[in-house]
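The values are calculated or read from the model by the stated rules, or taken from the named source; none is laboratory data. All values reported here derive from a predicted model rather than from experimental measurement. Because the Cβ atoms are built from the backbone with ideal geometry, glycine has one as well, and the counts that use them run over all protein chains shown. We work out accessible area using only protein heavy atoms, side chains counted, and drop any ligands, DNA or RNA first. Shrake-Rupley method; radii C 1.70, N 1.55, O 1.52, S 1.80 Å.
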Amino acid sequence: MMSPFDRTWRLTRLLVRRDRIRLTGWLFGITAATVLTAAAFPGLYTTEAERQQLALSMINPAVTALVGPGHGLDNYTYGPMMAHQMLGLTALIVAVMAVLLTVRYTRADEEEGRTEMVRALAVGRSAPLMSALLVMTLLSGAIGFANAVGLGLLGLEGMDWTGSLHYGAVLTLTGLFFTGITLITAQLAETSRAASGMAIIAAVGAYAVRAVGDISLDAFTWFSPFGWLLAAETYVNNYVWPLLLPFAVSVAAVALGAWLAAGRDVGSGLLHPKAGRDHATRSLLSPIGLQLRLQRTSILVWTASLFLLGVTYGSVLGDIDLFFSDIDFMEEFLPAVEGLSLTDQFLSVLFVIMAIMASVPAVMQLTKLRSEEKKQRIEPIVSLAVSRDKLLSSYVVPALLTSVVMLSATSAGLGAAAITVIEDGRPFLDYYGAGMMYLPAVLVMTGVAALLIGWLPAWTSIVWGYLAASFVVVYMGNLFQFPDWMDRLTPYGYVPAVPVEAAAFLPAAGLITVALLLTAGAYMGFRRRDLQQG
């Protein structure tokens, strides 16, 4: 009699062989970012005094919300510095990776019919699910091991082997935790889009809950897996017991996901969508209206999330001057500008970070076209009375609208909170207008994504690397003392840093012109190239 797990290892080898480049990219990218960042610290902060000044500058609600609480700040060697500044964000990236890959190996394979074909052969019923779990376990373990070895070999002050192994264990457990969560959402939802959306919301929501707990409500920290993992105090005390919590929940989530999978039919979901209308509304009779309807839930979730992000940052602005006063290191991080407070200078940093975050859903809108093309859903559409220009417009126009909505939401959130906590501060429209100054830069980023889809569809994912590099330059530029010319490698570097700098028409006009040229080039390329599969 066939076991439910027959041929699991063979399917596991198949998944690894099929996605060897993708898996290697995630492994190498996360490890390289970690090791290179740690290796740069000794050249940036050479003395204990400089490190302690940096530690003082990091003790503020905005930084705590972004990267997590700092441990070992009284002896801020390179180990605690690395855990404080990088571990939380890296764990979030690992969580997103786990969600995307787990959905790819489970719900997406079902959606495209591969799982049904595999199970028609001499394969155990649970083998596809277990092979996905094994691949994610191996990848999470490899990421943890590679990061631990890379950091341990550096041998920096405060970065011993015990702490390095602890650092790697945190990343591994993050991957396993969100693999388990995604296995559950893959059984609940009927589409890969819904499954990944639910899991991403869980990951981002958990990070936000951790941020709220670390800033004000301590109890909230223990409702988030990121709170558990950061409470282990890597490179400081290296506690083991907080790591047992995500491990136990991971095992329970995997077991629940496997149990749910055993009780449903292939291709179906446990949560059935509600019945639609008998007749389509007028908005669904156009390609643009259809895309807006398909992305409606995603747009609403991102809008609410970015609004809350803006509120989170805005709510701490009233304390910035208090936190940053008398910290010598802040002269390098936020150079003094006559007539401007530290709050105004810190605002210029927040606005560009929020603009990059607002670019993510807009770029996602465009890259959906490439995903649909790989699934062979585009060719039947263009064979009808739908031109390629109209098809591309059905993704470009929603992306442009999304850019406006997302940046508006996060700017409005910051402005609404700022006018509440800052006495005699700026009016709401000043905050909102300063945030919207980055709209041309966001449009350039969407233009880059459109151009890649039009000319180099196989390389569309490069836009995500470009967006990530922009974040590194913006977020770590001052800390790593990057040269000024690096700001010009990203469109966000051309936007005047309001309120530190005065708003200017010329940079905005230049960015809008570049965005128009990129988009026009995308139409030219998409009109001429062959549609691709896979």
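Some notes on this structure:
- The chain, dipole about Cα centre (Lys/Arg Cβ +1, Asp/Glu Cβ -1), debye to the nearest 20: 3320
- Cubic angstrom per residue, convex hull over Cα atoms of the range 24-83: 85
- Positive-end residue, the range 148-269 charge dipole about Cα centroid, Cβ charges, pick of T162, G267, F177: G267
- Using only alpha carbons, the range 281-321 has a radius of gyration to Kirkwood radius ratio (Rg to Rh) of 1.36.
- List E379, E372, E423, E116, ordered by accessible area with a 1.4 Å probe, largest first: E423, E116, E379, E372
- Calculated diffusion of the range 84-236, Stokes-Einstein form, Kirkwood radius summed over Cα pairs, 25 °C and 0.890 mPa s, µm²/s: 149
- In Å², nearest 10: area of M437 left accessible to a 1.4 Å probe: 40
- Cβ charges +1 (Lys, Arg) and -1 (Asp, Glu), total dipole of the range 1-155, debye: 740
- Using just its DSSP H runs of length 4 or more, each adding -39500 (n - 2.57), the chain gives a mean residue ellipticity at 222 nm of -22500 deg cm²/dmol after division by all residues.
- Fraction of the pair-distance distribution of the range 381-432 above 15 Å, Cα-Cα pairs, percent: 61
- Based on C-alpha pairs under 8 angstrom that are at least 6 apart in sequence, the chain has a relative contact order of 14 percent.
- A straight chain from S3 to L516 at 0.36 nm per residue would run longer than the Cα-Cα distance by 178.9 nm.
- Here the chain has 66 percent of its accessible surface on carbon and sulfur atoms, given a 1.4 Å probe and all protein chains in place.
- Spread over its residues, the convex hull of the C-alpha atoms of the range 146-187 is 49 Å³ per residue.
- Rounded accessible area per residue of the range 354-452, 1.4 Å, Å²: 37
- The range 83-194, relative contact order in percent, only Cα pairs under 8 angstrom and at least six apart counted: 41
- Viscosity 0.692 mPa s, 37 °C: Kirkwood-radius Stokes-Einstein D of the chain over Cα pairs, µm²/s: 133
- Considering only I200, S470, L317, the residue lying farthest towards the positive end of the dipole of the chain is I200, judged by Cα position with unit charges set on Cβ.
- Ordering G70, A280, P380 by Cα displacement along the dipole of the chain toward the positive end leaves P380 in first place; charges were set at the Cβ atoms of Lys, Arg (+1) and Asp, Glu (-1).
- Estimated Rh, the range 171-217: Kirkwood, alpha-carbon pairs, angstrom: 11.5
- Counting every C-alpha pair in the range 338-414, the share spaced more than 17 angstrom apart comes to 58%.
- Cα-only Debye scattering, the range 191-301: base-10 log of I(q)/I(0) at q = 0.18 Å⁻¹: -1.04
- The relative contact order of the range 7-117 comes to 21 percent, based on Cα pairs under 8 Å that sit 6 or more residues apart.
- Taken over the range 119-193, the alpha-carbon convex hull comes to 111 cubic angstrom per residue.
- Measuring how big the range 378-534 is from its alpha-carbon positions, Rg and Dmax come out at 18.4, 61 Å.
- All distinct Cα pairs of the range 1-125 go into the 1/r average, and the inverse of that average, the Kirkwood radius, is 18.0 Å.
- Size of electric dipole in the range 441-534: Cβ of Lys, Arg +1 and of Asp, Glu -1, about Cα centre, debye, nearest 20: 380
- More than 16 angstrom apart: percent of Cα pairs within the range 454-534: 66
- Computing Rg and the Kirkwood Rh from the Cα coordinates of the range 55-172 gives a ratio, Rg/Rh, of 1.16.
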